[in-house]
Amino acid sequence: HEIIKFVKDTLFALIMGQITQDQFLSSCSEFVTLSEAAGDNWEIVKDGTNAWIQRTAVIHVTKHSDDSEDIDEDILLQSVDKTVDDDDSNTIEVKADTTEQISCKYEVHYSPSYSVPVLYCRFWTCSGQMLSLEQVWSLAPLPARGWDRLSMAPHPVTGMPWVQVHPCQTRQVADLMISSSSSSSKCNYIVTFLSLYGQAVGLTISTKYVQRF
């Protein structure tokens with residue numbers, strides 16, 4: 001119930017859709033502070049006039065006899081392993097015969113064209129092989145899957161092809177959840193953005209972010 005209420009409250013920030021770059025950076029700074037407390041190591045990166053947040057992790061996909069798989073996530077930070085909380089584990093359905101280690105990188109950039117944040121990500125195996133769009137799509141829980149949500153797009157800094165999550169239908173989603181919320185509630189734009197759109201690539205936000213407010 002805390003998560004549902006928190007997302008409802010934060011959607012007042014999202015309902016207007018667009019934010020300025022300064023608002024984006026301010027929200028990113030607050031989000032990184034929350035991330036430090038939650039222990040999942042998001043960081044701000046600056047490259048000239050560009051600034052974004054990013055997180056690198058390792059996903060361990062284990063195949064079970066009942067055709068389900070468990071995904072455990074370890075943060076890649078100076079080669080130090082991290083004990084994963086229950087909040088960081090998800091059941092996914094991807095085809096694999098054995099336990100496989102997959103590295104992933106998530107980045108949230110500001111789009112000056114649309115004045116909204118955009119989530120980019122890429123996944124690769126131990127051999128360095130990049131996962132296809134279909135394989136990335138299969139990482140998401142069934143209710144969050146949708147071909148219209150993912151596409152390959154040039155990275156805003158390097159120009160290399162990354163998986164992009166479309167931040168579409170924000171207003172429609174907000175209309176369904178906002179009816180019982182208070183506009184005076186404190187919220188963080190990035191937390192709700194990732195809570196909504198990170199699901200499309202199997203990225204979840206810990207309940208520790210909710211508990212900080």
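The values are calculated or read from the model by the stated rules, or taken from the named source; none is laboratory data. Keep in mind it's a predicted model, so treat the numbers as computed, not measured. All Cβ positions, glycine included, derive from the backbone under ideal geometry; neighbour counts span all protein chains shown. Heavy atoms of the whole protein, side chains included, go into the accessibility calculation; ligands, DNA and RNA do not. Shrake-Rupley method; radii C 1.70, N 1.55, O 1.52, S 1.80 Å.
With every protein chain in place and a 1.4 angstrom probe, the accessible-area ranking of Asp40, Asp22, largest first, reads Asp22, Asp40.
Coupling constants for the range 148-165 follow from the phi torsions by the Karplus curve (6.51 cos²θ - 1.76 cosθ + 1.60, θ = phi - 60°), and in residue order they are 6, 9, 10, 7, 7, 8, x, 4, x, 10, 8, x, 6, x, 10, 7, 10, 9 Hz; glycine and proline get x.
Taking other residues whose beta carbon is less than 9 angstrom from the beta carbon of Tyr120, and scoring Lys, Arg as +1 and Asp, Glu as -1, yields +1.
Estimated at the nearest 10 Å², the accessible area of Glu43 is 90 Å² with a 1.4 Å probe. Between Ser115 and Val58, residue separation times 0.36 nm minus the direct Cα-Cα distance comes to 17.5 nm.
Residues whose amide H falls under 5 Å from that of Asn41, counting only those 5 or more places apart or on a different chain, are absent, with hydrogens built in the peptide plane.
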